[in-house]
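The block underneath contains the structure these notes are about, expressed in structure tokens.
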Amino acid sequence: MVQRSSLTSLYKLPGLAVCFLACVATGLELSVNNHTADFSLSTHRVPAVTLSCLAQNRSQAEELLWFRGDGQVELKDGNKVNVSNICVSPVSEDDNGVTFTCRLARDKSVQVSVLLDVQFPPQLAGEESLHIEEGKDVTMSCNAKSNPQGQTAWYKNNTLLSLQQSRYQLYQTSELFQLSIQKVQKADNGTYSCVLKYSETQARKDFHLIVEDKNPVFPTEAVIAAVVVVTLTVLFAIVARKDKVFKV
């Protein structure tokens, strides 16, 4: 009897599996721009991008919620039930890497997220003149922000700059590219170019470094002492002259 019961259970398993799959297949799910799973949306700086969320396989009216990052997006009436659209306008570089999520109001585990991949070139151009006293430090900074990130390099007088000298220091982040020169010398005079290669294009900014003669340094204490001596001498002379006038 035990063996017969076990066989009966085995025969029922396929039916249970089919039933389970049927339930999953007909279950409620969300889609954003026809995607039912999280996805990345590549775009450029354009006037607008529309994201459309749809509740599929629903058996009742379903309220939908939109989030930008962790913050909830305010939706107008008529744009919350079964279908909900949001518009990102205009699309800028600040939207790059931002996640938009559509969620089911009654079950927030049902959701689809969109990661915006906004591609944009670097904003790098122009020139700048720097007058620096010999022996002082100077820093030249470039805006290197772009997506995808470009390749950066520094040139001096159109020749790739060798950074073996200990006086040269580089600092770079995803948005900033800096060259610092410590204790500039006359030999550092020239045009320094920050060059960023992006896709098939190239952007640059030039810095014309002019190293000026060092200003003579006077001993402050000696100057103050001399001023005091001269002032006292003049005062004594005035007082002595007044006494002489009164005696006459």
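No lab work stands behind these numbers, since they all come straight from the coordinates. Worth saying up front: this structure is predicted, and the values here are computed from it rather than measured. Cβ coordinates were reconstructed from backbone atoms using ideal geometry, including for glycine residues, and neighbour counts include every protein chain displayed.
Quick notes on this one:
- Unsatisfied cross-links (Cα-Cα over 19 Å) in the set 136/186; 156/214; 156/197; 136/205: 156/214; 136/205
- The ratio of the alpha-carbon radius of gyration of the range 127-212 to the globular-protein estimate 2.2 N^0.38 Å is 1.08.
- Near residue 66, once Lys and Arg are set to +1 and Asp and Glu to -1 for all other residues with Cβ below 13 Å from its Cβ, the sum equals +2.
- Positive minus negative residues near residue 44 (Lys, Arg vs Asp, Glu; Cβ under 12 Å): -2
- Stokes-Einstein translational diffusion, the range 28-119 - Kirkwood Rh over all Cα pairs, 0.890 mPa s, 25 °C, in µm²/s: 185
- Net charge contributed by nearby residues that have their C-beta within less than 15 Å of residue 106 (K/R +1, D/E -1): 0
- Electrostatic dipole magnitude of the range 28-119 [Cβ: Lys, Arg +1; Asp, Glu -1; Cα centre; debye, to 20]: 220
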